[in-house]
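Chemist: Got a structure for you, questions after.
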Amino acid sequence: MHQPEAQPRASLYFDYRVHPAWLPSAHEVEEEVQVAIVGGGPIGLALALDLARHGVRCVLLEAERQVSEGSRAIVFTRRSMEILHQLGVAGRVAAKGLPWRYGNSYYRGRRVFRMAVPHDADQRFLPMTNLQQPYLERYLAEALGQSPHAELRWGNRVSAIAQDEDGVRLTVETPAGDYALRAQWVAAADGARSTLRQLLGLKMEGTAYEGRFVIADIRAELDLPTERLAFFDPPWNPGNTVLMHREPDGIWRVDYQLPPGETAEEALAPAALRSRIDAALALVGAAGQQWELDWCSVYSARAMTLPDYLHGRVAFVGDAAHLLPIFGVRGANTGFQDAHDLAWKLALELRGCAGPGLLPSYSQERVAAAREIIDEAGKSTRFMTPPSPGYRLLRDAVLSLALSEEFVRPLLHWRTSRAHDYAASALNCVGDDDALFEAGPGHGAPCTDLRLGGDAFLLDHLGPAFQLLYFGAGPTPEVLACMASFRQRGVPLRLLLVERSGVNGAVEADQILPDSEGRLRQHFGVTVDGAAYLLRPDQHVCARWLTLSADRLEAALNAALGHSNRSFTS
């Protein structure tokens, strides 16, 4: 019988709440749900909210009765904030979190590189936002509690799984005994030690690096801006790296690499923690600063992925699908993109609108993204934690040169996480005018959340549907009839007219976007009336035209729904 911890976790800043366990004896167990999500971390919660936006009935099973312990994932990228905005929680994250865009690298007491992540006034969110994971999980769980389509069951642990052609049967343990839950589909969002991955006997591919880090949250009064701090080869930790991030509530995150052979028990001993955190504070001019420990753990860098994220009727997301180094804020941020990609495809599959290639494209797109990230993260990880004497010699040479040579310093760039570009996706249209555009987002690119004026942004007008952005007075009657035929088949499809005047009476549209200054046209590289973009429900471009006909729109929508026979290339 499953008995999760019933005492609130201790914290210097976060008020942990223990939720009542969902007990089968107190509820009527449904015979079948559309989607069961295993794992109530940030990715599982985000997926449940995203599915609910598409009207999918889902149940989320979380083994614990409270949100996670410690800061864990603390840095959320602009793209993650855009996804969280669509889920209804970005406002709370932005209000509590600390935005930033600068990163600093130090060597021998000198700053040798300052990174500035690009940002302009037309973007809603700064490139990065720092917030401890427990806050984000609380915001997501509270939003989920307001959804009529989703249910969060605390204290429910999956212990067995069986699947057939029609669905999946889960055995779920609770404090009051076991019950069986059947779902048409299951999403495994149960983290790095995924139970479902183990139950299905799946193995990841990739590299586990030898370097290990202590992660410590401390409360300290430091008069420093919200910027990433990286210290290479400090005197007290020779050859290794120390990272520092400011968090809300006067908390600082300190990550420092351990010498080879030191065990986790030795590293987390109070005396070891005290001496090393004191030394880390001295690096920022705070020698002798008083501090309190909130939470600590040991982290090992890994760059691994499942080769396929779909196994029968089980889809893997987040750390259950891949394990990525923290350098470059890739873990949770990549997981949010997994969830955003899977949600609309699974919703259309359940609605009966998907072609045979739609769900497989989830695995194809996201495995390709993970492999690209692993390649980038591997470069950062080898620089942070050199795996051999040769790598260490090269790293140290770069650092030494960076003291005096400007051209070497960009090599210290930590390759920040970014939104993946699905340029090679089989869902992109092959017969459109993508190659004829001289500017604007191309095939597979995510649509930027462009400021439309004041506090209005483009993503505020893009709902959980395909979006046809038409630049001009409106498409032809034949195009409108094509749209109507897809809607009759259950495909969510909206027409947005980008009008210079903001007024249109000829064509009935779902939304009219005023563009009197031509900013939208400039952003999308549109120079003629009649141009159009087709955006997927996750806002990635799948087709664009200089001129649009009904036949061209039909071909693009069929491809985007997975009816194309074109194979995916990475």
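The values are calculated or read from the model by the stated rules, or taken from the named source; none is laboratory data. Since the model is a prediction, treat every value here as computed from it, not as a measurement. Every residue, glycine as well, gets a Cβ built from its backbone with ideal geometry; the counts of neighbours run over all protein chains shown.
Chemist: Hey, among GLY201, GLY206, which residue is under 22 Å from the mean Cα position of the chain (by Cα) and either closer than 15 Å to ALA321 by Cα or assigned to a loop (DSSP other than H, G, I, E, B) (or both)?
Modeler: GLY206
Chemist: Let me ask something else. Residues being in a helix (DSSP H, G or I) and free of Cβ contacts under 8 Å to residues at least 40 places away in the same chain: count how many of those fall in the range 463-484. Working first, answer last.
Modeler: Residues of the range 463-484 that are in a helix (DSSP H, G or I), as a first pass: 477-484.
Next cut, free of Cβ contacts under 8 Å to residues at least 40 places away in the same chain only: 477, 480, 484.
The number of residues fulfilling the criteria is 3.
Chemist: Another question, then. What about ALA347, is it closer than 20 Å to ASP255 by Cα and either modelled with pLDDT of 90 or more or among the polar types (S, T, N, Q) (or both)?
Modeler: Details: closer than 20 Å to ASP255 by Cα: no; either modelled with pLDDT of 90 or more or among the polar types (S, T, N, Q) (or both): yes.
No, not satisfied.
Chemist: Is there any pair linking a residue in the range 509-524 that is over 21 Å from ALA439 (Cβ atoms) to one that is of a type in the set (A, V, I, L, M) and modelled with pLDDT of 95 or more, with Cβ under 6 Å and at least six apart or on different chains, and which?
Modeler: ALA509/LEU495; ALA509/LEU497; ASP510/LEU495; GLN511/LEU496; ILE512/LEU497
Chemist: For LEU202, all conditions in the list (1) surrounded by fewer than 17 Cβ atoms within 10 Å (Cβ to Cβ); (2) under 30 Å from LEU310 (Cβ atoms); (3) modelled with pLDDT of 95 or more hold save one; what is the number of the exception?
Modeler: With (1) surrounded by fewer than 17 Cβ atoms within 10 Å (Cβ to Cβ); (2) under 30 Å from LEU310 (Cβ atoms); (3) modelled with pLDDT of 95 or more applied to LEU202, the lone miss is (1).
Chemist: Still on this structure, please answer the following. Cβ-Cβ under 6 Å, sequence separation 6+ or interchain: first residue in the range 172-185 and assigned by TED's automatic domain parsing to the domain that holds ARG157 and part of a strand (DSSP E or B), partner surrounded by fewer than 18 Cβ atoms within 10 Å (Cβ to Cβ) and among the aliphatic types (A, V, I, L, M). Which pairs?
Modeler: Between residues of the range 172-185 that are assigned by TED's automatic domain parsing to the domain that holds ARG157 and part of a strand (DSSP E or B) and residues that are surrounded by fewer than 18 Cβ atoms within 10 Å (Cβ to Cβ) and among the aliphatic types (A, V, I, L, M), the close pairs are THR174/LEU23; TYR179/VAL29.
Chemist: Given the condition free of Cβ contacts under 8 Å to residues at least 12 places away in the same chain, at negative phi and out of contact with any Cys (no Cβ under 7 Å at 6 or more places or on another chain), answer yes or no: does some residue in the range 287-301 qualify? So that I can check it myself, show each step before the final result.
Modeler: Looking only at the range 287-301, we keep the residues that are free of Cβ contacts under 8 Å to residues at least 12 places away in the same chain, and these are 287-288.
Those still in the list that are at negative phi too: 287.
Retained after the next criterion (residues that are out of contact with any Cys (no Cβ under 7 Å at 6 or more places or on another chain)): 287.
There is at least one residue in the range 287-301 that is free of Cβ contacts under 8 Å to residues at least 12 places away in the same chain, at negative phi and out of contact with any Cys (no Cβ under 7 Å at 6 or more places or on another chain).
Chemist: When you scan the range 436-453, do you find a residue that is crowded, with 16+ Cβ neighbours inside 10 Å, in contact (Cβ under 8 Å) with a residue 12 or more places away in the chain and more than 27 Å from the chain's Cα centre (by Cα), even just one? Steps first, answer last, please.
Modeler: Taking the range 436-453 as the starting set, the residues that turn out to be crowded, with 16+ Cβ neighbours inside 10 Å are 437, 440-441, 443-452.
Among the residues that remain, those that are also in contact (Cβ under 8 Å) with a residue 12 or more places away in the chain are: 437, 440-441, 443-452.
Those left that are additionally more than 27 Å from the chain's Cα centre (by Cα): 437.
Yes, some residue in the range 436-453 is crowded, with 16+ Cβ neighbours inside 10 Å, in contact (Cβ under 8 Å) with a residue 12 or more places away in the chain and more than 27 Å from the chain's Cα centre (by Cα).
Chemist: Here is a follow-up. Would you mind telling me which numbered condition in (1) in contact with a strand residue (DSSP E or B) (Cβ under 8 Å, 6 or more places away or on another chain); (2) within 30 Å of GLN337 (Cβ to Cβ) HIS311 fails?
Modeler: Single failed check for HIS311: (1).
Chemist: Right, another one. Mind listing just one residue for me: the one in the range 78-93 that is in contact with a helix residue (DSSP H, G or I) (Cβ under 7 Å, 6 or more places away or on another chain) and farther than 21 Å from HIS54 by Cβ and, of those, surrounded by the fewest Cβ atoms within 10 Å (Cβ to Cβ)?
Modeler: Applying the filter and picking the extreme gives ARG92.
Chemist: Next question, about the same structure. Check whether at least one residue in the range 418-425 is modelled with pLDDT under 70 and buried (at least 17 other Cβ atoms within 10 Å of the Cβ), and report yes or no. Outline the logic, then answer.
Modeler: In the first step, residues of the range 418-425 are kept if they are modelled with pLDDT under 70; the result is 418.
Still in the running and buried (at least 17 other Cβ atoms within 10 Å of the Cβ): 418.
Among the residues of the range 418-425, at least one is modelled with pLDDT under 70 and buried (at least 17 other Cβ atoms within 10 Å of the Cβ), which makes the answer yes.
Chemist: OK, next. Would you call GLY211 surrounded by 19 or more Cβ atoms within 10 Å (Cβ to Cβ), part of a loop (DSSP other than H, G, I, E, B) and of a type in the set (Gly, Ala, Ser)?
Modeler: no
Chemist: Tell me which of these ALA287 doesn't satisfy, since it passes every other one: (1) touching a Leu at 6+ places or on another chain (Cβ under 8 Å); (2) under 25 Å from GLU69 (Cβ atoms).
Modeler: For ALA287, the failing item is (2).
Chemist: Still on this structure: Kindly list the number of the only condition in (1) touching an Asp or Glu at 6+ places or on another chain (Cβ under 8 Å); (2) part of a helix (DSSP H, G or I); (3) β-branched (Val, Ile, Thr) that fails for ILE512.
Modeler: Tallying (1) touching an Asp or Glu at 6+ places or on another chain (Cβ under 8 Å); (2) part of a helix (DSSP H, G or I); (3) β-branched (Val, Ile, Thr), ILE512 fails exactly one: (2).
Chemist: Going by the conditions given, is ALA509 touching a strand residue (DSSP E or B) at 6+ places or on another chain (Cβ under 8 Å), at pLDDT 95 or above and surrounded by 15 or more Cβ atoms within 10 Å (Cβ to Cβ)? If you could, list the steps in order and put the result at the bottom.
Modeler: On the way: touching a strand residue (DSSP E or B) at 6+ places or on another chain (Cβ under 8 Å): yes; at pLDDT 95 or above: no; surrounded by 15 or more Cβ atoms within 10 Å (Cβ to Cβ): yes.
No; evaluated as a whole, the condition is false for this residue.
Chemist: I'm told LEU281 meets every condition in (1) within 23 Å of TYR13 (Cβ to Cβ); (2) touching a strand residue (DSSP E or B) at 6+ places or on another chain (Cβ under 6 Å); (3) buried (at least 16 other Cβ atoms within 10 Å of the Cβ) except one. Can you identify the failing condition by its number?
Modeler: (2)
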